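Scroll down for the structure; my scribbles are underneath it.
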Amino acid sequence: MTMIWMLLLLMLVTYGFIAQRRQDEIAIAHAMKECVRHQVQYLDCARSNHTFVKQGGAWRFRTIYLVDFSGDGHSRYQATMLMKGNRLAAFEMPAYKAPNVVFLQ
């Protein structure tokens, strides 16, 4: 009987690991899309904090990611991205230095 419980626990831990890795891959794709949308250079994406919360009747991972980007190629800024499950919930960028742009008249 204890062997069955150990096997179930192992399966649960494995499922949690795989689900978190999948969310990480989706978060990186969202971070790259947001950087392209804001016309900045994507540098890095790292998981900061994650919890397991009940959302809409189902249990989901709520994870905060830190996304590093550069506006001019020399500086480094940090945006915050919130993922609920595998969906992008929020993306907050700080003010950043844009490259020198010349406007033609």
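The values are calculated or read from the model by the stated rules, or taken from the named source; none is laboratory data. All values derive from a computational prediction rather than experimental measurement. Positions of Cβ are backbone-derived with ideal geometry, glycine not excepted, and every protein chain shown enters the neighbour counts.
Conditions tested, residue by residue: (1) at pLDDT below 95; (2) farther than 15 Å from Ala90 by Cα; (3) among the basic types (Lys, Arg).
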residue: Met11; (1), (2), (3): no, yes, no
residue: Gly16; (1), (2), (3): yes, yes, no
residue: Gln20; (1), (2), (3): yes, yes, no
residue: Arg37; (1), (2), (3): yes, no, yes
residue: Gln41; (1), (2), (3): yes, yes, no
residue: Ala46; (1), (2), (3): yes, yes, no
residue: Thr51; (1), (2), (3): yes, yes, no
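Residues of the range 1-47 that are among the polar types (S, T, N, Q) and surrounded by 13 or more Cβ atoms within 10 Å (Cβ to Cβ): Gln20, Gln23, Gln41.
For Tyr65, the test of being surrounded by 15 or more Cβ atoms within 10 Å (Cβ to Cβ) and modelled with pLDDT under 95 is failed. Candidates are the residues of the range 49-68 that are of a type outside the set (Val, Ile, Thr) and over 13 Å from the mean Cα position of the chain (by Cα); the one that is nearest to Gln23 (Cα to Cα) is Arg60.
Listed conditions (1) more than 17 Å from the chain's Cα centre (by Cα); (2) of a type in the set (Gly, Ala, Ser); (3) loosely packed, with under 13 Cβ neighbours inside 10 Å are all met by Ala90, apart from (1).
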